[in-house]
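Working notes, beginning with the structure itself.
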Amino acid sequence: MLDLRYRLRHADGEWRWQSRHVVPFKRDKSGSVVEVLGVLRDITDVVAAEELLTHDALHDGLTGLPNRELLFDRLDADLIRSEREDRAIAVLFCDLDGFKQVNDTAGHAAGDGVLIETARRLQNTVRDGDRCPSGRR
């Protein structure tokens, strides 16, 4: 049995994901496979849905910034690489003083606006190469 997943460029120039499932269909008297049966499916929509689910699981829904799980995953990998390469890393911790007061006095919609604007400003100060590899904000 063979299961493959790969990307091909369609005649229209778009990239499409394909899934191929191949199984032995006919064998000769010695047991060797002489024919196979294969199914090819376009799974572009499935892959897009999987990527969206993965992104949503690793990013904050309001700001689009990487969440704690992604932070810890990347931090673990960077700490291992920093030891291997004998290089330092830096982590920026940012606290929004008075944020609770914004929520309490102006409401959660105003607080959400502050978080969204803060995220936008942080993203605009980070170099493209230092952003989350997903490329999404």
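The values are calculated or read from the model by the stated rules, or taken from the named source; none is laboratory data. Computed from a prediction, not measured in an experiment: that's the story for all the values here. Counting neighbours? That spans all protein chains shown, and the Cβs are built from the backbone with ideal geometry, glycine included. What goes into the accessible areas is simple: the full protein's heavy atoms, side chains included, and nothing from ligands, DNA or RNA. Shrake-Rupley method; radii C 1.70, N 1.55, O 1.52, S 1.80 Å.
Odds and ends about this structure:
- The modelled label-to-label distance for the pair Leu53/Arg81, using points 7 Å beyond Cα in the direction of Cβ, is 2.8 nm.
- When Rg and the Kirkwood radius Rh are both evaluated on Cα atoms of the range 11-136, their ratio Rg/Rh stands at 1.22.
- Net charge dipole, the chain: roughly 680 debye, given to the nearest 20, about the Cα centre with Cβ charges of +1 for Lys and Arg and -1 for Asp and Glu.
- Along the axis of the charge dipole computed for the range 1-98 (Cβ charges of +1 for Lys and Arg, -1 for Asp and Glu, origin at the Cα centre), the listed residues Val33, Ala57, Gly13 are led at the positive end by Val33.
- Close amide-amide hydrogen proximity is noted between Ile43 and Trp17, Gln18, Ser19, each under 5 Å apart and 5 or more residues distant or on a separate chain (H modeled in the peptide plane; Pro and chain starts excluded).
- Surface share of carbon and sulfur [accessible, 1.4 angstrom probe, percent] for the range 49-130: 55 percent
- Under a model in which nothing but the beta-carbon of Lys, Arg (+1) and Asp, Glu (-1) is charged, the range 1-64 shows a dipole of about 580 debye around its Cα centre.
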